[in-house]
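S.K.: This structure is in structure tokens; I'll ask about it shortly.
The values are calculated or read from the model by the stated rules, or taken from the named source; none is laboratory data. The structure presented is a predicted model; accordingly, all values stated were derived computationally and were not measured. Note: ideal-geometry Cβ built from the backbone for every residue, glycine included; neighbour counts use all protein chains shown.
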Amino acid sequence: MEANLAPIPFTFLPGQYATITSEIDGHKVRRSYTISSSPTQRDYIELTVKREQYGLESRHLHDHATTGDLLEVSAPAGRFFFTGKEAEGIVLMAGGVGITPMMSVLRYLTDKSYHNEIHLLYGVNAPCDLIFREECAYLARRHPNVHIVSVVSKPEGTDWSGPVGYMTAELITQCVPDIARRRIHLCGPPAMMEAVKAILLKLNVPPEQVKTEDFAPPRGGPVVDPAPPSAPAAPLEGATPLTVAPSASAAPGVTAPSAQASITFSKSNKTGQLAPDQSVLEAAEAIGVVIDFECRVGTCGRCKVPLSEGVVTMEVEDSLSAEEKASGIILACQAKSAQNLVVDA
Ligand SMILES: Cc1cc2nc3c(=O)[nH]c(=O)nc-3n(C[C@H](O)[C@H](O)[C@H](O)COP(=O)(O)OP(=O)(O)OC[C@H]3O[C@@H](n4cnc5c(N)ncnc54)[C@H](O)[C@@H]3O)c2cc1C
Ligand code: FES
């Protein structure tokens, strides 16, 4: 069959992600994936998906998605981009599949003949985990301003002759002169990101110069959109919290609340429980209240909802403006509380 060649119907910035919705076992599953291709490529986008052993979507894409399939993809979003205008030069620090936003930036900047320094430090477990290895080597050979260092933590049994171990302060300062004045983009496994952030702080890099993207799946297990509730919504019962047990039709992977505070969704007329480590979004999903979401890491802003009673804490609130915060808008994917809450959803 002849391919229908047309430019992609949207634009994006290097480092942004798209969100894919798949139907798996009758449930909608939504996951974000960074576009690893360059925005200068208008004919396709490239997603680079790591197959997680028990992952719903990543296994679905690896094992079932095939040429000719139609994928539901949301418009690209995210603030973890670098176009070359934000600073004079960039240090990209990636661990594992966290290389994807860096690759888009690297491809874009080299396509545009960006003349400032581009450093890429890439950490993986084994040499076979180095994604884009040949392309990176080619780009470094072709562009004198591109400097790439890969570090492997478990080289045993391979012919790896490069740096061994992790991204230490020593390695970083050896590879990147004047690190304290650089803009840094960091993405990788949570433990690696925490370790590198601490090292950068010790190396006197101002935290505002360090931009991060968190790929980590939501705590509390894999997430699917809740199936439509099979029973009519439970009526509001004043201040008395209604204990909602997970029903037989509950979507797999949706965590049930484990007690403590009550949460009332005033528009949906439902009340459930909110455990201290559970987000408002997870509490909503557990009782079939639909709140739109996308990234689940506090950056896209799709899950904004008004809070009408109670106080919440949010680990990440990047996508809220000062006015929104002042008027009681919260990010449902981030908001947690030990108090009773009323949310306008
Ligand atoms: C902004 C953003 C950009 C991203 N970009 C990328 C990207 O470019 N490439 C990429 O690969 N990913 C990326 N991710 C991560 C991606 O969105 C998914 O979180 C990831 O693919 C896992 O989704 P999943 O459905 O396969 O796993 P889920 O089903 O959500 O499971 C999450 C994790 O739990 C584990 N798990 C599930 N059930 C069990 C069980 N019973 N026992 C033990 N472990 C279990 C899974 O193995 C998996 O590691 C990005 C995330 C964000 C937020
Ligand atoms: S889902 Fe993206 S900010 Fe909450």
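S.K.: I need a count of the residues in segment 285-337 that are within 23 Å of Arg31 (Cβ to Cβ), more than 12 Å from ligand 2 (Cβ to nearest atom) and aliphatic (A, V, I, L, M).
M.R.: Residues meeting the conditions: 4.
S.K.: Next up: Picking from Thr100, Thr34, which residue would you name as being within 16 Å of ligand 2 (Cβ to nearest atom) and outside any loop (DSSP other than H, G, I, E, B)?
M.R.: Working: Thr100 fails: within 16 Å of ligand 2 (Cβ to nearest atom).
Result: Thr34 is the single residue among Thr100, Thr34 that is within 16 Å of ligand 2 (Cβ to nearest atom) and outside any loop (DSSP other than H, G, I, E, B).
S.K.: Give the number of residues within segment 60-86 that are within 14 Å of ligand 1 (Cβ to nearest atom) and farther than 23 Å from Ser104 by Cα.
M.R.: 3
S.K.: Here are some conditions: (1) at pLDDT 95 or above; (2) closer than 17 Å to Cys295 by Cβ; (3) surrounded by 22 or more Cβ atoms within 10 Å (Cβ to Cβ). Pro39 meets all but one. Which one does it not meet?
M.R.: (2)
S.K.: Still on this structure, I have one more. Determine, yes or no, whether Phe265 is touching a helix residue (DSSP H, G or I) at 6+ places or on another chain (Cβ under 7 Å), crowded, with 19+ Cβ neighbours inside 10 Å and modelled with pLDDT of 95 or more.
M.R.: It is true that Phe265 is touching a helix residue (DSSP H, G or I) at 6+ places or on another chain (Cβ under 7 Å), crowded, with 19+ Cβ neighbours inside 10 Å and modelled with pLDDT of 95 or more.
S.K.: I'm trying to understand the selection: among the residues of segment 24-54, which are over 17 Å from Ile131 (Cβ atoms), out of contact with any Phe, Trp or Tyr (no Cβ under 8 Å at 6 or more places or on another chain) and within 13 Å of ligand 1 (Cβ to nearest atom)?
M.R.: Ile24, Asp25, His27, Lys28, Val29, Arg31, Gln53, Tyr54 - these are the residues of segment 24-54 that are over 17 Å from Ile131 (Cβ atoms), out of contact with any Phe, Trp or Tyr (no Cβ under 8 Å at 6 or more places or on another chain) and within 13 Å of ligand 1 (Cβ to nearest atom).
S.K.: Taking only pairs six or more apart or across chains, which ones have beta-carbon atoms under 7 Å, a first residue in segment 294-316 that is in the same structural domain as Ser268 (by TED's automatic domain parsing) and near ligand 1 (Cβ under 9 Å from one of its atoms), and a second residue that is charged (D, E, K, R) and part of a loop (DSSP other than H, G, I, E, B)?
M.R.: As it stands, the answer is Glu294/Arg302; Val297/Asp214; Thr299/Arg79; Thr299/Asp318; Cys300/Glu294, since those pairs meet every condition given.
S.K.: So which pairs qualify, if the first residue must be in segment 68-79 and outside any loop (DSSP other than H, G, I, E, B), the second must be surrounded by 11 or more Cβ atoms within 10 Å (Cβ to Cβ) and aromatic (Phe, Trp, Tyr), the Cβ gap must be under 7 Å, and the two must be at least 6 apart or on different chains?
M.R.: Ala77/Tyr17
S.K.: Applying the selection to segment 37-61, what residues are among the acidic types (Asp, Glu) and either outside any helix (DSSP H, G or I) or in contact with a helix residue (DSSP H, G or I) (Cβ under 7 Å, 6 or more places away or on another chain) (or both)?
M.R.: Kept after step one, since they are among the acidic types (Asp, Glu), are these residues of segment 37-61: 43, 46, 52, 57.
The answer is Asp43, Glu46, Glu52.
S.K.: Give the residue that is farthest from ligand 1 (Cβ to nearest atom), with candidates limited to residues of segment 87-110 that are under 20 Å from Ala126 (Cα atoms) and among the β-branched types (Val, Ile, Thr).
M.R.: Initial filter on segment 87-110 (under 20 Å from Ala126 (Cα atoms)): 92-100, 102-103.
Checking which are among the β-branched types (Val, Ile, Thr) leaves us with 97, 99-100.
Working: Val97: 4, Ile99: 8, Thr100: 4 Å.
Per the criteria, the residue is Ile99.
S.K.: Okay, moving on. Would you confirm, using the coordinates I've provided, whether Thr158 is outside any strand (DSSP E or B), among the polar types (S, T, N, Q) and more than 20 Å from Ser36 (Cα to Cα)? Steps first, answer last, please.
M.R.: Numbers: outside any strand (DSSP E or B): yes; among the polar types (S, T, N, Q): yes; more than 20 Å from Ser36 (Cα to Cα): yes.
So Thr158 fits the description; yes.
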